Amino acid sequence: MADEERVAVDGVGAALAEAALRLRPHFRRGTAHGHACAYLRGLLGSAGRKNGWQLAEEGGYRQPRSIQRVLDRSVWDADAARDALRAYVAERLGEPGGVLVVDETGFLKQGRKSVGVKRQYSGTAGRIENCQIGVFLGYAGANGRAAIDRALYLPQEWCDDPERRAAAGVPPAVSFRTKPQLATAMLERALDAGVPATWVTADEVYGNDFAFRRALEERGQAYVVAVKRTQAVSTWPPYGTIGQARADALAAALPAEAWRRLSCGDGAQGERVYDWAYLPLRPALRDGWLHALLVRRHPLKEDELAFYLVHLREGTALAEVARAAGSRWAIEDTFKLAKGQAGLDHYETRSWRGWHRHVTLALWALAVLSAEAARAKGGAAPTATGSSRSASPSCAA
């Protein structure tokens, strides 16, 4: 049983009381706040399927209407509650070496009325399905991991359909934004709020997007983001001649001595050990920073490669870059726990407001589990503020 699941079984009463206190300022009425707290308790309860009736039973209600009002008619600010969640996670799990992890997950749906639903690729299903897509920002550190922000991806066809927008309660101000644009906004909120993070990491959907990477570079934020093997990268002196080449072509030219076997963190089957190669490409916008290519190779299947673009301080250790790259898997574990234990995908609402409210409370439930697991292990960190980008030994092999 995972640490977070054990905490859920053993009880998290004190942590829930703290969460309730932090949520109270964002509710106009005490009654609505009480229903939201009951909803949160239900998400952490033992019910296998956390729908309206089961949440009501967990909370001692005779019928689900009162608790379901939390998702629609009750007056409260889900974005303010999200900001309080981010602060809670930073205090409980934050550390200077933390990693902000961007990823998305699908919510399979039937019909066409649920906000943002369409036939689109879902990594959850591994194929094109009728689903909603949520973009999430996770936080991973030595003390634990949690999700701290969320955004519903609204496809262009939804944005261009006034009737569907109105039926689902999409605010007039909401316009089409790509997944990388949604992720950039979440990262800006987290970094502006002082969430302690040395690194940002993301998969190819985000790593291949120039504007996404450039926004981080302009902030002086280190990142290691996955890209396609066909990604064109530029080289400049002193690291090479002026020109461009594909990532896989540069990897193919690396000598045998360029590879180092390193762990990038623990996985379900133990340490995840790969061969890594690091190739500086060109100086970055800021003095003392550079762009590089990181290549990961399976130790037994040498044709199985993954590619990353890296923006970092000169002199950063290769082991540190590999650790940051490996942190991306943390959010997959976060999604698994959030859906399996905190009811992330158990909602019945179809509206824009309902989706954001349910997901915000589910992420609060997940954060409570993660924080209590850290406390139970004795690994809870003191309040962490600011960001650390200290240099470390060189990436050179």
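Rundown of residues vs (1) more than 30 Å from Y206 (Cα to Cα); (2) in a helix (DSSP H, G or I); (3) at pLDDT below 90, yes/no style:
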| residue | (1), (2), (3) |
| --- | --- |
| E57 | yes, yes, yes |
| I67 | yes, yes, yes |
| R73 | yes, no, no |
| A80 | no, yes, no |
| V89 | no, yes, no |
| E95 | no, no, no |
| V102 | no, no, no |
| S114 | no, no, no |
| Q120 | no, no, no |
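Can you say whether P162 is in contact with a strand residue (DSSP E or B) (Cβ under 7 Å, 6 or more places away or on another chain) and not acidic (D, E), as far as the supplied structure shows?
Numbers: in contact with a strand residue (DSSP E or B) (Cβ under 7 Å, 6 or more places away or on another chain): no; not acidic (D, E): yes.
Considered against the rule, which asks whether it is in contact with a strand residue (DSSP E or B) (Cβ under 7 Å, 6 or more places away or on another chain) and not acidic (D, E), P162 comes out as no.
Mind checking which residues of segment 148-170 are part of a strand (DSSP E or B) and among the hydrophobic types (A, V, I, L, M, F, W, C)?
In the first step, residues of segment 148-170 are kept if they are part of a strand (DSSP E or B); the result is 148-152.
Answer for segment 148-170, where residues must be part of a strand (DSSP E or B) and among the hydrophobic types (A, V, I, L, M, F, W, C): I148, A151, L152.
Residues that are in contact with a Lys or Arg (Cβ under 9 Å, 6 or more places away or on another chain), closer than 25 Å to F136 by Cα, of a type in the set (S, T, Y) and not in a strand (DSSP E or B): does segment 300-322 have at least one?
no
Right, L23: buried (at least 19 other Cβ atoms within 10 Å of the Cβ), at pLDDT 95 or above and touching a Cys at 6+ places or on another chain (Cβ under 9 Å) or not? Give the derivation first.
Details: buried (at least 19 other Cβ atoms within 10 Å of the Cβ): yes; at pLDDT 95 or above: yes; touching a Cys at 6+ places or on another chain (Cβ under 9 Å): yes.
The answer is yes for L23.
Please go through segment 66-89 and pick out each residue that is farther than 17 Å from L21 by Cβ and either hydroxyl-bearing (S, T, Y) or crowded, with 17+ Cβ neighbours inside 10 Å (or both). Quick ask: steps written out before the conclusion?
Looking only at segment 66-89, we keep the residues that are farther than 17 Å from L21 by Cβ, and these are 66-75, 78-79.
Within segment 66-89, S66, I67, Q68, V70, L71, S74, A78 qualify.
Mind listing whichever residues of segment 231-279 are of a type in the set (K, R), closer than 25 Å to Y206 by Cβ and in contact with a Phe, Trp or Tyr (Cβ under 8 Å, 6 or more places away or on another chain)? Walk me through how you get there before you give the answer.
Step one: list which residues in segment 231-279 are of a type in the set (K, R), which gives 246, 260-261, 272.
Adding the requirement that they be closer than 25 Å to Y206 by Cβ leaves 246, 272.
If the condition is that a residue be of a type in the set (K, R), closer than 25 Å to Y206 by Cβ and in contact with a Phe, Trp or Tyr (Cβ under 8 Å, 6 or more places away or on another chain), then R272 is the only one that fits.
Of the residues A247, A166, A232, A211, only one is closer than 24 Å to I148 by Cα and either aliphatic (A, V, I, L, M) or exposed (fewer than 15 other Cβ atoms within 10 Å of the Cβ) (or both); which?
Values: A247 fails: closer than 24 Å to I148 by Cα; A166 fails: closer than 24 Å to I148 by Cα; A232 fails: closer than 24 Å to I148 by Cα.
Answer to the selection: A211.
Of the numbered conditions (1) modelled with pLDDT of 95 or more; (2) within 22 Å of D103 (Cα to Cα); (3) surrounded by 20 or more Cβ atoms within 10 Å (Cβ to Cβ), L305 fails exactly one; give the number of that condition.
(3)
Can you pull out every residue in segment 37-48 that is closer than 17 Å to T349 by Cβ and over 24 Å from the mean Cα position of the chain (by Cα)?
Of segment 37-48, the ones closer than 17 Å to T349 by Cβ are 38-40, 42-43.
Within segment 37-48, A38 is the sole residue that qualifies.
Taking segment 280-290 only, how many residues are under 27 Å from the mean Cα position of the chain (by Cα) and either part of a strand (DSSP E or B) or over 15 Å from R219 (Cβ atoms) (or both)?
Looking only at that region, the number is 2.
Step by step: first the residues of segment 1-20, then only those that are modelled with pLDDT under 90 and small (G, A, S), then the one that is surrounded by the most Cβ atoms within 10 Å (Cβ to Cβ). Which residue is that?
A8
Are any of the residues in segment 321-341 at pLDDT below 95, under 22 Å from L108 (Cα atoms) and over 15 Å from the mean Cα position of the chain (by Cα)?
yes
When segment 252-301 is examined, which residues are found to be of a type in the set (K, R) and in contact (Cβ under 8 Å) with a residue 12 or more places away in the chain? First the steps, then the outcome.
Going through segment 252-301, the residues of a type in the set (K, R) turn out to be 260-261, 272, 282, 286, 296-297, 301.
Hits for segment 252-301 are R260, R261, R272, R282, R286, R296, R297.
The values are calculated or read from the model by the stated rules, or taken from the named source; none is laboratory data. All values derive from a computational prediction rather than experimental measurement. Ideal geometry is used to build each Cβ from the backbone, glycine not excepted, and the neighbour counts take in all protein chains shown.
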